Amino acid sequence: MIVTIDGVAASGKSSVASGVARALGVPYVSSGLLYRAATLLGQEAGLDLTDAAELLLHLRSRPLRLEPLAGGNRVWQGDRDLTPDLHASGVDSGVSVVAAHPDVRAWVDGQLRALTAPFVAEGRDMGTNVFPEAPAKFYLTASPRVRAERRARERPEDVEAIEAALSRRDALDMAQSAPAPDAQIIDTGPLTLDGVIGVILAALPARDPSASK
Ligand SMILES: Nc1ncnc2c1ncn2[C@@H]1O[C@H](COP(=O)(O)OP(=O)(O)O)[C@@H](O)[C@H]1O
Ligand SMILES: Nc1ccn([C@@H]2O[C@H](COP(=O)(O)OP(=O)(O)O)[C@@H](O)[C@H]2O)c(=O)n1
């Protein structure tokens, strides 16, 4: 089974996906890391991020590998682990431009569709575009303030600066961030992390005990 968890920036997608996946005993897949890796590599090479053709040529010359580890996904390029650099503020501010290119989205989607189910996939368009056939879909929200306060615990910037950056990214990401019509929308603002995970686990369709996972 594929479970999709989409939502706005810092709504809790990766933490919740990790918890749900752990409870189910399956991996989770953090699609945003591939957009972040594309952005980081483009920035490091000094490329114009609005030029999709140039960026894709660069990305295809050195393939990336998304490692869907249960404790936290990692992205590798050869033996370089890009993961520690993927959440820098510079990547945050460039990633929406990169993710807006249809050819970059196709490059990411191909890598995701090549993965073997079962897994929990999180991002923006997992339930709408990449895995529309998934039987269980969720969409996480929370106010910009709540999300900024959570992210401020992980970043050096102050809450106001983070909230402004999140709102800007929400606006830029709008086109690829609509909830699937069959997704259950969860406001994570009043809930704990375990609370959100519990809501999702309780809503999952009953699993066939004879199935391997
Ligand atoms: N319901 C929640 N209650 C409290 N903190 C949360 C909740 N959901 C997520 N968090 C925290 O908010 C931060 C952002 O969550 P994260 O999973 O990185 O979001 P996303 O993947 O959507 O960007 C993390 O520090 C996480 O622990
Ligand atoms: N399925 C996805 C996942 C991420 N993205 C893009 O990648 C960026 C980073 O996503 P993320 O999920 O790693 O990060 P947060 O927005 O949760 O901080 C988003 O702002 C989107 O621009 C996307 O377009 N589609």
- Message: So with the 1.4 Å probe, I'd like the accessible area per residue for the chain, rounded to whole Å².
- Response: 46
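Which percent, nearest 5, of DSSP beta bridges in segment 2-204 are antiparallel?
In segment 2-204, approximately 25 percent of DSSP beta bridges are antiparallel ones.
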- Query: At a probe size of 1.4 Å, how large is the accessible area of TRP76, to the nearest 10 Å²?
  - Reply: 60
- Note on the structure: Stretched fully, the stretch from GLU67 through ILE185 gains (0.36 nm per residue minus C-alpha distance, one decimal, in nm) 39.7 nm
- State the Cα centre-to-centre distance between segment 79-140 and segment 1-43 in whole Å. 7
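Express the carbon and sulfur contribution to the solvent-accessible surface of the chain as a percent, rounded to the nearest whole number, probe 1.4 angstrom.
On the chain, the fraction of accessible area on carbon and sulfur atoms equals 56 percent.
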- Message: Applying a 10 Å radius around every beta-carbon, put 189-196, 144-151, 10-17 in order of their mean neighbour count, most first.
- Response: 10-17, 144-151, 189-196
- Between ASP109 and THR50, the two model label points (7 Å from Cα along the beta-carbon direction) sit apart by a distance in nm of 2.5
- Relative contact order of the chain: what whole-number percent is it, with Cα pairs under 8 angstrom and at least 6 residues apart? 34
- Message: Between TRP76 and ARG22, what is the label-point separation in nm under the 7 Å Cα-to-beta-carbon projection?
- Response: 2.3
- Message: Under 5 Å between amide hydrogens, which residues at least 5 positions from ILE5 or on another chain qualify, with H placed 1.01 Å from N in the peptide plane?
- Response: ALA121, GLU122, GLY123, PHE138
- Of 55-61, 3-9, 123-129, ordering from highest average Cβ density within 10 Å down gives 3-9, 123-129, 55-61
- Message: Taking the Kirkwood radius as the inverse of the mean 1/r across Cα pairs, report the Rg/Rh of the chain.
- Response: 0.95
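The values are calculated or read from the model by the stated rules, or taken from the named source; none is laboratory data. Values in this document were obtained by computation on a predicted structure and should not be read as measured data. A quick note on method: Cβ atoms are made from the backbone with ideal geometry, for glycine too, and the neighbour counts reach across all protein chains shown. Just so you know, the surface numbers come from the protein's heavy atoms only, side chains and all, with ligands and any DNA or RNA stripped out. Shrake-Rupley method; radii C 1.70, N 1.55, O 1.52, S 1.80 Å.
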